[in-house]
Amino acid sequence: MSANKNFYQTLGLLSDADDVVIKAAYRALAQKYHPDKYKTNKELHTQVMAKLNEAFAAIGTKAKRKAYDESLHVSAAKQEKRKPASAVHPSNDELIEKLENAAMDEMVVIALFEKIFSESILINAGWINTYSFKNGKQKETVSFTELKLKIIEKLKQ
């Protein structure tokens, strides 16, 4: 297990999700991305499925989840010690850290995206919400994790 991976993000969840929700999210994503459902891009879907399996293996049971959560806290503490005394963009660094550690709820992330990109977001409600916005002249639809990654990418620029 890599300390750099956030398995909650992989499954599109907050770190305080119930065990039942974790299992349901995994099953829904596994059903959606299972490589047997796709004749094209089978390799891509196999990679996605491997990430989903790795995430569920790490947080799918109470004992494994507890160990994983403890490793996240230790990793976060080590990163905090390694931070330079004066960051170039301290507010951006704080936002990035909150996004990476799932410390922001959905509505805050959406508001942040809309502010940074000056684009309105449409929430496509479902078992797992998706988010649509205009990217140039085209409509783009992304998952919550992808939405956060777009914000992080922009903040790092």
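Of note:
- Of the residues making up the stretch 112-157, those that are of a type outside the set (D, E, K, R), surrounded by 16 or more Cβ atoms within 10 Å (Cβ to Cβ) and over 18 Å from Ala28 (Cα atoms) number 7.
- Of all residues in the stretch 117-141, exactly one satisfies the criterion of being of a type in the set (A, V, I, L, M) and more than 18 Å from the chain's Cα centre (by Cα), namely Leu122.
- Neighbours by Cβ (under 9 Å, 6+ apart or cross-chain): first from the stretch 38-63, over 18 Å from Leu11 (Cβ atoms) and open to solvent by 30 Å² or more (accessible area, probe 1.4 Å); second part of a helix (DSSP H, G or I) and among the aliphatic types (A, V, I, L, M): Tyr38/Leu44
- Among the residues of the stretch 82-101, none qualifies, meaning not one is among the basic types (Lys, Arg), more than 20 Å from Gly12 (Cβ to Cβ), surrounded by fewer than 12 Cβ atoms within 10 Å (Cβ to Cβ) and modelled with pLDDT of 85 or more.
- Selection from the stretch 32-60 of residues that are at pLDDT 90 or above and polar (S, T, N, Q): Asn53
The values are calculated or read from the model by the stated rules, or taken from the named source; none is laboratory data. Owing to the predicted nature of the structure, the values given are computational and were not obtained by experimental measurement. Neighbour counts are summed over all protein chains in view; Cβ atoms, including those assigned to glycine, are modelled from backbone coordinates with ideal geometry. We work out accessible area using only protein heavy atoms, side chains counted, and drop any ligands, DNA or RNA first. Shrake-Rupley method; radii C 1.70, N 1.55, O 1.52, S 1.80 Å.
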